[in-house]
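The values are calculated or read from the model by the stated rules, or taken from the named source; none is laboratory data. None of these values were measured; they are calculated from a predicted model. All Cβ positions, glycine included, derive from the backbone under ideal geometry; neighbour counts span all protein chains shown. Calculation scope for accessible area: heavy atoms of the full protein, side chains included, ligands and nucleic acids excluded. Shrake-Rupley method; radii C 1.70, N 1.55, O 1.52, S 1.80 Å.
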Amino acid sequence: METVVNYGILSILPPLIAISLALITKQTVFSLIVGLWAGVTIINGWNPILALPKMISDFFIPLIANESNAGMLVLITACGGFVYMIKVSGASRAFGDIASKRVKTRTQAQLVTYFSAFAFIYTEPTLTLGSLMRPITERLKVSRVKLAYICDVMGCPFATLSPITSYSTYATSLIAAQFAALAISGNPWVTFVKAIPYNFYALFGMLALLFVIIAKLDIGPMYYAEKRAVETGALIGENDVPMSKYDMDEDAMFQGKNITILNFLAPIITLFVVLLAMIMWTGDAKTNGIGGAFMNSSITLCISLSFLVSAAVAGLMGVKSGVLKLGDVVPEFCKGVSLNSDIPLILILAWSIGSLTGKMDLKGYLIGLLETYNVAPGIMPMLIFIVGAFVGFSTGSSWGVWAITMPIALPIAHSFGVPIELMIGACLSGGVFGDHCSPISDTTILASTAAGADHIQHVRTQLPYSLAVGGCSAVGFLVGGMISPVLGLAVTALGIGAVFFGLHQYAVKRYGN
């Protein structure tokens, strides 16, 4: 059993150092290494030399060996090869040519990206969404950070709202455990579904994004990034370092080649067929039914295999079109993998900091602070949300937040009459809010990768939106706990509308029309 020692306020230092350095230096790997090294130094008797090998033996190796983490690394590897094959085989070019005839405006490109996420409601669509939609958004001068923002929102927050994802299955299991402990007779899954409207951050994060796209209400640094993209065609900043490096001279590559829409349709249809077939198999559709198969499937395995098979099909279509030679398919796939070689390193470092804060009992320290103060039960939804957000931001994990806040929130709701669906919504929202803002979150990293954006710039441009929605959600949880959950819902919606209009006007004045 892992030893956990409460290091008090020192437990905040590793994520705080990593996040601060990342925002200052814009060097993600360097910042994560320094933050991790500082924390490992603390737990090893303040010995910085001993901390170096301990980083590898106590964190890197065990975390890479973890089945879930290893699966994510395989998925990232497969995705890198798949995305590159989609580009180099002419698939994305064919899709872009067809789509450009129908999608004529920047707003349409963003809306198509937004609603395409619903085709992947059974999983977190970040990677696939960015891979498929980037050719369209680039042609219509949508900045990469804007695409990353769309991919990020339609990733973790969207997956949290879907009742047929690993997110909902995990959350329902936590609810079920508390129902059993508290002798509550309700159905945990039904309770989760009822709590969806009160998952303020995820719900209004998605609605706010749609509002921003339709009303063109960009705010903060995103307003400048979009203004630059429209006026100059520069989709990334001059000093940005994109998380993926797939840029190529497509006009020269595909000139005189027989590129058709089949170059795109063949691998994409294969992707869906293999994905659905794997979901049915790993989820045991024969025993659990189709719906049960989605909830019980091994999503990481399903997506990884579908990426690999689809990449092969894309390569073969490239050979058929004269773009590639048969002997080039595997080397080109490997080139795509190598272009993303920094992503696994970033994920391993991010996981290591999350594991380190667990050993230092950051969660226990924050819970202790919360329990020290005697507050009215009606304030608890807001406090649960705020504490969850801070832990999620510090650790880059929404699931870890839920694991600590559910055992606190549900007994309070049961004992003091606070609406249980509101408390569940506060737990889910807090974790998603912190995860969504954090530069060390794997979903934030994946969004930057999918869009080909500079990671720190993605965090920087997304943060004003996240903070606006998060701040209004906190007020909504306060009103919901003290007065009425429905009123809290309404207050959150109205607050977000007013804040976004105000911030947009400020951005216009600061950056010019």
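A quick yes/no check of all residues on (1) touching a helix residue (DSSP H, G or I) at 6+ places or on another chain (Cβ under 7 Å); (2) open to solvent by less than 20 Å² (accessible area, probe 1.4 Å); (3) part of a helix (DSSP H, G or I):
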| site | (1), (2), (3) |
| --- | --- |
| Gly186 | yes, no, no |
| Ala195 | yes, yes, yes |
| Tyr201 | yes, yes, yes |
| Leu209 | yes, yes, yes |
| Leu217 | yes, yes, no |
| Pro221 | yes, no, yes |
| Ala225 | yes, yes, yes |
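Please indicate, with yes or no, whether at least one residue in the stretch 293-304 is over 17 Å from Gly90 (Cα atoms) and out of contact with any helix residue (DSSP H, G or I) (no Cβ under 8 Å at 6 or more places or on another chain). No, every residue in the stretch 293-304 fails to be over 17 Å from Gly90 (Cα atoms) and out of contact with any helix residue (DSSP H, G or I) (no Cβ under 8 Å at 6 or more places or on another chain). Applying the condition of being of a type in the set (S, T, N, Q) and surrounded by 22 or more Cβ atoms within 10 Å (Cβ to Cβ) to the stretch 78-110 and asking which residue is nearest to Gly318 (Cα to Cα) yields Ser89.
Here the stretch 53-73 is the region considered, the condition is being modelled with pLDDT of 85 or more and charged (D, E, K, R), and the residue that is farthest from the chain's Cα centre (by Cα) is Lys54. Selection of the stretch 326-367 for residues being open to solvent by 10 Å² or more (accessible area, probe 1.4 Å), small (Gly, Ala, Ser) and touching a Gly at 6+ places or on another chain (Cβ under 9 Å) yields Ser338, Ser341, Gly354, Gly358.
Selection of the stretch 411-425 for residues being modelled with pLDDT under 80 and not in a helix (DSSP H, G or I) yields only Gly417. In the stretch 486-513, the residues that are among the polar types (S, T, N, Q) form Cβ pairs under 8 Å with partners that are not in a loop (DSSP other than H, G, I, E, B), at six or more places apart or across chains, as follows: Thr492/Phe200; Thr492/Phe204; Thr492/Cys472; Thr492/Ser473; Thr492/Val475; Thr492/Gly476.
Note on the stretch 74-132: residues that are at pLDDT 75 or above, under 14 Å from Phe264 (Cα atoms) and among the β-branched types (Val, Ile, Thr) amount to 4. Looking only at residues in the stretch 238-280 that are assigned to a loop (DSSP other than H, G, I, E, B), touching a Leu at 6+ places or on another chain (Cβ under 8 Å) and open to solvent by less than 60 Å² (accessible area, probe 1.4 Å), the one that is modelled with the highest pLDDT is Ser244.
For (1) open to solvent by 10 Å² or more (accessible area, probe 1.4 Å); (2) within 26 Å of the chain's Cα centre (by Cα), each residue gets a yes or a no:
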{"position": "Ile412", "(1), (2)": "yes, no"}
{"position": "Gly417", "(1), (2)": "yes, no"}
{"position": "Glu421", "(1), (2)": "yes, yes"}
{"position": "Asp435", "(1), (2)": "no, yes"}
{"position": "Ser441", "(1), (2)": "no, yes"}
{"position": "Leu463", "(1), (2)": "yes, yes"}
{"position": "Gly476", "(1), (2)": "no, yes"}
{"position": "Phe500", "(1), (2)": "no, yes"}
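Look at Ile76 and say whether it is in contact with a Pro (Cβ under 9 Å, 6 or more places away or on another chain) and either part of a loop (DSSP other than H, G, I, E, B) or under 23 Å from Leu347 (Cα atoms) (or both). Answer is yes for this residue.
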